[in-house]
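Throughout, read-outs are computed from the coordinates displayed, never taken from laboratory work. Here the structure is a predicted model, which is why all the values come from computation and not from measurement. Methodologically, a virtual Cβ is constructed for each residue, glycine included, from the backbone with ideal geometry; neighbour enumeration extends over all protein chains shown.
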Amino acid sequence: MHGQPSDKRRILILGGGFGGVTTAQYLQRHFRNDPGVEITLVNRDNYFVFVPMLPSAASGSIATLHILNPIRRMIPGVRFRAEEILGIDLRRREVTTVSPITGREARLGYDQLVLALGNTVNLASMPGVAQHGKTMKSLGDALHLRNHVIAMLEAADVETDPRIRQELLTFVVAGGGFSGVETIGELNDLVHAIARSYPSITRENIKAILLHSGDRILPEVDTGLADFALKKLRERGVDVRLKVRIAAATPREAILNTGERIPTRTLVVTVGASTNPVLAPLPLPKERGRIVTDQFMQVVDMPGIWALGDNAAVPNAASNGEFSPPTAQYALRQGKRLAENLAALLRGRPEERKPFAFPGLGQLCIVGHRAGVAQLKGGIKLSGFLGWLMWRNIYLSKLPGWDRKVRVGLDWLLDLIFPRELSQISLGRTQVVNQAHYEAGDYVFRQGDVGDQFYVVISGEVEIVRELPNGQQTVLARLGPGEHFGESALMTGRRRNASVRAVGPVDLMVLGRDEFNSLAGAWIKFSESVQALAQERDIQLPALDRSRDLRTALMTSVLGPHLAGLVPPVIAKGAQAAQQPAPQVAPPVPMPPPSPALVRSDGAELPLEGELLSIGRAPENHLVIDDKQASRRHALLRREDGRYVLEDAGSANGTFVNGQRIQRHLLAPGDVIKIGDTILSYKEPVIATGSS
C-alpha cells in the first residue's frame, strides 16, 4: 500500500503496544463488515509485550515467551506490517517504513493516522549511562539482564580479588518509580535465590542498591504505602538511597550526582523517558515531549491525526481535564474510546464522540516475592501479601490470551516448588562493536593485564602510562579521537606493556579478540584480491610473505595512525640531520635485556622499547622520519623472541635492508635500513659476561 489515492478510507496505526493494539481490535469490531475501511497496524516487532511483567521475566519467575503475544493473532482482520518506521510526512499524508529483512522502503498513505509509538529511553545527558546502563523496556532487555546477573555470579564464585568480587556482586537500579521498585525487588530475589548454588557466595556478599532522586519512592501512591514499600525493601537487604540520582557510569562504576562512586558491574536504569525520535521532528503540539490531544484524542488543530498512550498528553474528563498518566491501564481505555470516536467520525456522526474519562482502577506494585502494595478504587489500600496477591490477580486477568494466562499461572505455581533456573540463554552472536565510557583517572587497562580487546578513541583523550618497578609512572603519550590502541597484545599474545588511563571523560569503540581477528582476516582476503588484480594489470606491488604479516600491515594502514606499541614518538632525521641539533631522547626504561636501537647518520641512537612500533613521516608514528620520500605510515618494527622484525607497511617507495627491497626481514646487528633518503643502522646491545 503506497501513498496514492484510494477508494478506501485508510486508517494507519503506528505502534504495537497497549494503545495501538487495543485501538486496532476495537476498530476491527466496528468495521469488520465494511470493505470500504482498511485498517493497518505497523510495528517493528511482530509480538506484543506485556510490559508490567518484564521484571518478573527478567528474574525468571515467569518464562519470557509467556508474556508475549503474536500481534497477528491479536488483531485478526487487520493488516499488519512488521517494519521500522522511518518518517511521517504530514503534508503528503504518508508514512515511510522499511523492512528490517529486505531493506525495502514502503510509503503508506493514510486518511486517519493513529500515533501509539510510546516513548524511548534517552540517557545522553548522563555520560556513559547509555553504554553501561541496562534498560527495562523490551523483551531483549529482560533476557539480557537475566543473563548478565547469572554471569556476574559465575565470575564472582571464582574471583579471588575482593575488590573485583564486590563489583561483581553489587547490583544498582536507578529510579524509584513503579518500574525501578519492581525491578530491584525481582532482581534482589533472583540473586539471593540462585546464590545458594554458589558455595563461595554468602548473603552478606551481595549488595542491592536503589537510587531515587525524590524524598520517597513510589510518589504515585499513598505515603503510607510508599513507606511500607521502602521498609520492606530495606528489610530484604536493599540499600535504598533517596535524594540522589545517577549522573554517569563507567564499565565498573555508577557515579552519583554527589560525586560518590559505587563500584559495580550492573547498573539498571529505569529513568530517562524521551519522545520517540520519529515523532520528535513533527510540528505537533507537545507538552513535555508528549503530543497534546483534545478530549476526543484528536491532535489539537491537526484533523485526521490521533494520539494515545505514552506518547500522548490526553485530557482526562474524570480528573478535571488533567493529562492521563502514561500507564497501561489508561492506554487500554484510551484505545477503546479512540476507536469509538474514530468510528463515529467516519460514519458521519461526530456528535456521537465522547471525551475520554477514566477514574483509574488504582495503583499496584510488587516489592519482591510475596510483598506488594495496592491502592485501589474506593480508597482501598492493601500491603504485604495481600498487595502482592492483588497485583498477580489483576495483571493475570489483563494478560491477553487464555493460553498465556494458563502458562503464567503455571509458571508462578512452579516457582513456589522448584528453584530458579541457572542456565544462561544464548541469543546468538554477540554484537561485534561495543562502546565504553570512562571518567577522568579511570584505567582502561593496566600494565601486565591480559590483552583481550582493541580500542579506538571516539571522543576525549587517554594517556599511555609506563609503570616502573620502583612505583613511579611515566606518561609516554596521549591519544585523541580517531587514534587507537590495544592491538599489540592481541597480535603477540603477550600482556599489556603499559597502562592506559582516561585524561577526562572519554568514549571508546571496543572490539574483542575474536572480532579483531575476524576483521583482520577480512582485510587479508581483500588485500589478496588486490594483489591478484594488480598482477593481471602488470602493476608492481610488494608481495607479503605471510598472512600474519599482512594482517599487521593492513590493520596499521586501515584502522588508524597510532598503534599500541605504547612508547613516545622520537625523531629520526634525514640526510641533513647532521647539521641540526640532535633531539633529546628520553633514557630507556630499565628492563632486561637492554634495548636494541636504530642508529641515525649523526650517531644518535633511537632505543626500541615497544612490542610493535610504527615508522613513517606522520607525527603520530613512534619513529618519525623527516623525509619527503617516506610514506606517512611506512614500516613496522615487531619484536619476536627479543629480536626485531622489520616489515614494510605498503609504502610507496619501499623499505630497503642492505640494499635489497624487503617486505619482511629479521634484523641482525649491523643491518643498514634505508627509508626514503634516510639511513639507519640496527644495533643490538652487547651484554658483558665478565672474566674468570
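The table below lists the values:
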quantity	calculated
Percentage relative contact order, the stretch 31-127, counting C-alpha pairs under 8 Å, at least six apart	22
In nm, spacing of pseudo-spin labels at ASN320 and ARG73 (7 Å Cα→C-beta vector)	4.6
Fully extended contour minus Cα-Cα distance, from ASN205 to GLN435, at 0.36 nm per residue	79.9 nm
Equivalent ellipsoid semi-axes - Cα gyration tensor, the stretch 273-417, angstrom	34, 17, 16
Low-density loop cleavage sites - trypsin sites (Lys or Arg not before Pro) in the stretch 273-361, where at most 14 other Cβ are within 10 Å (DSSP)	ARG288, ARG347
Unsatisfied cross-links (Cα-Cα over 25 Å) in the set LYS8/LYS137; LYS243/LYS286; LYS336/LYS377; LYS628/LYS674; LYS231/LYS398; LYS137/LYS398	LYS8/LYS137; LYS243/LYS286; LYS231/LYS398
Distribution of pairwise C-alpha distances over the stretch 253-333, 10 Å bins, in %	16, 38, 19, 17, 9, 0
Charge context of THR23, other residues only, Cβ under 12 angstrom, K/R +1, D/E -1	+3
Gap separating the Cα centres of the stretch 626-686 and the stretch 272-343, nearest whole Å	69
Which of VAL51, HIS30, ALA82, positive extreme of dipole for the stretch 1-148 (C-beta unit charges)	HIS30
Span from the the stretch 1-74 Cα centroid across to the the stretch 474-505 one, whole angstrom	49
